[in-house]
Amino acid sequence: ELLLEVRDLTAVIAETGQEILKGVDLTIYEGEVHAIMGKNGSGKSTFAKVLVGHPDYEVTGGSMMFKGENLLEMEPEDRSLAGLFMSFQSPIEIPGVSNADFLNMAYNARRRKLNQPELSPIEFWAYVYPKLDLLNMKADFLNRNVNEGFSGGERKRNEILQLAVLGAELAILDEIDSGLDVDALRDVAKSVNGLLTPKNSVLMITHYLRLLEFIEPRYIHVMENGKIVKTGDISIAKTLEKEGFKGVSEM
Ligand code: ADP
Ligand code: MG
Ligand code: MG
């Protein structure tokens, strides 16, 4: 089934009117792993943020549909409740709110949207416990305040835990590899791989090839100057490795 369909999407920086996205096309079906690669400044993060409805940007043309719903008519919160998840390059700290409370709240909001009964804190623990195991995380993680004093690696793991709890159908992971050493990256990648089902899709955004060794995408897209200029399989990554982004645009 079709999950995300983006057609000829253009977007500007709301404050200045400067055009950043210049006609992005992308189609993602259930169960697929996609990666967007591209030079720094090519518009990858902007695209991700426009998908989730970041207020810094204004869509000026084109369309984006998620599970048959028009994202352009949905508030950011509704996009998230509909099953669109995005990790952030620098996640926020929420002092005084425990991770468990935060996750319980977020998950209950999604359950209400799906017409499922809310989980009590005790029911939530039963739900989240096996997920901690799957992600190789300790239970005390849940008692800590959201992101407070987390190391870079812990923040990344926590994001994957949020993803696991929410059960989002499309996870957009923007540079989850940034700042991680190879062991931490392998752990995070293993967790992401553990979450993949025939129904869930992942859109990874990365500047680096090494992430693709751990989470293998079916499709790789190359973004250049606000557009996807090339789509292919893992062989694109190999050309990138040998010839850089210039080699790919000339393929
Ligand atoms: P990437 O993620 O591929 O590195 P970005 O989407 O972050 O690229 O940025 C694309 C271009 O848009 C860059 O030149 C960046 O400086 C500019 N840009 C993005 N967002 C903003 C913003 N809120 N204000 C000013 N410039 C921005
Ligand atoms: Mg950048
Ligand atoms: Mg970026």
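Is there any pair linking a residue in the range 41-57 that is without any contact (Cβ under 8 Å) to a residue 60 or more places away in the chain to one that is assigned to a helix (DSSP H, G or I) and away from ligand 2 (no atom under 12 Å from the Cβ), with Cβ under 6 Å and at least six apart or on different chains, and which? Within 6 Å, the pairs are GLY53/PRO76; GLY53/ARG79; TYR57/VAL50. Scanning the range 168-181 for residues that are more than 16 Å from ligand 1 (Cβ to nearest atom) and at pLDDT below 85 yields a total of 2.
Taking residues in the range 173-198 that are at positive phi, and partners anywhere that are outside any helix (DSSP H, G or I) and of a type in the set (Ser, Thr, Tyr), the pairs with Cβ atoms closer than 7 Å and at least 6 places apart or on different chains are GLU175/THR206. Out of everything in the range 35-68 that is within 16 Å of ligand 3 (Cβ to nearest atom) and aliphatic (A, V, I, L, M), what residue ends up being nearest to ILE215 (Cα to Cα)? Only one residue fits best here, namely ALA35. When ALA164 is tested against (1) away from ligand 1 (no atom under 16 Å from the Cβ); (2) in a loop (DSSP other than H, G, I, E, B), just one condition goes unmet, and that condition is (2).
Counted as qualifying within the range 191-250 are the strands (runs of 3 or more DSSP E) with 2 or more residues that are surrounded by fewer than 18 Cβ atoms within 10 Å (Cβ to Cβ), namely 227-232.
Against the criterion of being out of contact with any His (no Cβ under 9 Å at 6 or more places or on another chain), outside any strand (DSSP E or B) and in contact (Cβ under 8 Å) with a residue 12 or more places away in the chain, ALA126 does not qualify. Here the range 40-64 is the region considered, the condition is being part of a loop (DSSP other than H, G, I, E, B) and more than 7 Å from ligand 1 (Cβ to nearest atom), and the residue that is surrounded by the most Cβ atoms within 10 Å (Cβ to Cβ) is GLY53. Could you go through the range 22-29 and let me know if any residue there is assigned to a loop (DSSP other than H, G, I, E, B), away from ligand 3 (no atom under 16 Å from the Cβ), among the hydrophobic types (A, V, I, L, M, F, W, C) and within 25 Å of ARG157 (Cβ to Cβ). So far as the range 22-29 goes, no, none of its residues is assigned to a loop (DSSP other than H, G, I, E, B), away from ligand 3 (no atom under 16 Å from the Cβ), among the hydrophobic types (A, V, I, L, M, F, W, C) and within 25 Å of ARG157 (Cβ to Cβ).
Only residues that are at pLDDT below 85, of a type in the set (Gly, Ala, Ser) and in a helix (DSSP H, G or I) were counted across the range 129-160, and they come to 2.
The values are calculated or read from the model by the stated rules, or taken from the named source; none is laboratory data. Predicted model only: the values in this text are computed from it and were never measured. Because the Cβ atoms are built from the backbone with ideal geometry, glycine has one as well, and the counts that use them run over all protein chains shown.
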